[in-house]
Amino acid sequence: MTVQQPFLIRQLGLTDFETTWHAMQKFTAERTENTPDELWLTEHSAVYTLGLNRKNVRLPIRDDIPLVPTDRGGKITYHGPGQVIIYVLFDLKRNNLNIRKLVSLLENTVVELLDTFGKKAVAKADAPGVYVEEAKIASLGLRIKNNCCYHGLSLNINMDLSPFKAIDPCGYVGLKVTQTKDLGINANFEIIRELLLNILMKNLGLQKT
């Protein structure tokens, strides 16, 4: 596929989740049919985020990390330093995309990334995200408003995974969580982030500027 040009990439560094979320809402509310699509790359300070599918979600059993109810799809997850996040702020209609196509494209980008390091990963139709030997390594959550989307993809690279033990990740009791470091992938955060972005750009039919 080819995404409509022009296109912007924003490298945000370490950010606060709630501040970034509200910035995405503002961007989406104010954009017009001519607004360029954007990818925002970031990592967040430690935070639990609770999606719109909140029925029967077990809340964290620790209270030292903030919990933020948000407007993405899905249930509960954790974000923290050492996890790369790509937020996808797209006009879906303009790019002839639907939510299923976009989710598959994001999942396949992570699968392709891991394949370059010789690691077999899979996506699951009934549980969005990417898994390596039944352990989740990447999560997806999106929000659609006026045919435009925001939120996106997170990939665990080199982080403290212990906060995941205080929740049922994505609503699944006992779901194991992994990261590239624990798979024996020695590439550092910056290298993996750049490779992930490059693969995503290729899959979107975009050239970096």
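The values are calculated or read from the model by the stated rules, or taken from the named source; none is laboratory data. Remember, it's a predicted structure, so these values are computed and weren't measured experimentally. Quick reminder, even Gly has a Cβ in these numbers, built from the backbone with ideal geometry, and neighbours come from all protein chains shown. Keep in mind that these areas ignore ligands, DNA and RNA; they rest on the heavy atoms of the full protein, side chains included. Shrake-Rupley method; radii C 1.70, N 1.55, O 1.52, S 1.80 Å.
Observations
- For the chain: relative contact order, % (alpha-carbon pairs under 8 angstrom, 6 or more apart): 23
- To put it simply, the accessible area of the chain at a 1.4 Å probe is 51 percent carbon and sulfur.
- When the chain is described by a simple charge dipole with +1 on each Lys and Arg Cβ and -1 on each Asp and Glu Cβ, the residue from GLY73, ALA187, MET159 located farthest towards its positive end is GLY73.
- Loop trypsin sites (Lys or Arg not before Pro), the stretch 97-185 (other Cβ atoms within 10 Å of the site Cβ: 11 or fewer; DSSP): LYS120
- Pairs of alpha carbons in the stretch 16-75 whose separation is greater than 20 Å (percent): 38
- Partner lysines for LYS93 [C-alpha distance under 21 Å; skip if fewer than 8 residues away on the same chain]: LYS26, LYS101, LYS145, LYS202
- Our helix-only sum for the chain, with -39,500 (n - 2.57) per DSSP H run of n ≥ 4 divided by its residues, gives a mean residue ellipticity at 222 nm of -7500 deg cm²/dmol.
- Spread over its residues, the convex hull of the C-alpha atoms of the stretch 74-160 is 103 Å³ per residue.
- Dimensionless Rg ratio for the stretch 164-209, taking C-alpha atoms and the 2.2 N^0.38 Å reference: 1.61
- Residue separation of GLU190 and SER45 scaled by 0.36 nm, minus their Cα-Cα distance, works out to 50.5 nm of gained length.
- Student exercise, the stretch 132-209 dipole from Lys, Arg, Asp, Glu Cβ charges, in Debye to nearest 20: 320
- Near GLU133: Cβ cut-off under 9 Å, other residues only, Lys/Arg at +1 and Asp/Glu at -1. The net charge is +1.
- Label-to-label distance, ASP64 versus ASP16, with points set 7 angstrom from Cα along the beta-carbon direction: 2.1 nm.
- Simple spin-label estimate for ASN146 and LYS55 in nanometres, 7 Å along Cα-Cβ: 3.0
- Spacing of the two label points (7 Å from each Cα toward its C-beta) at ASP71 and LYS120, in nm: 4.2
- Computed from the C-beta positions of VAL173 and ASN34, the FRET efficiency with R₀ = 41 Å rounds to 0.35.
- Gyration tensor (alpha-carbon) shape descriptor, the stretch 126-204, a/c threshold 1.5: oblate
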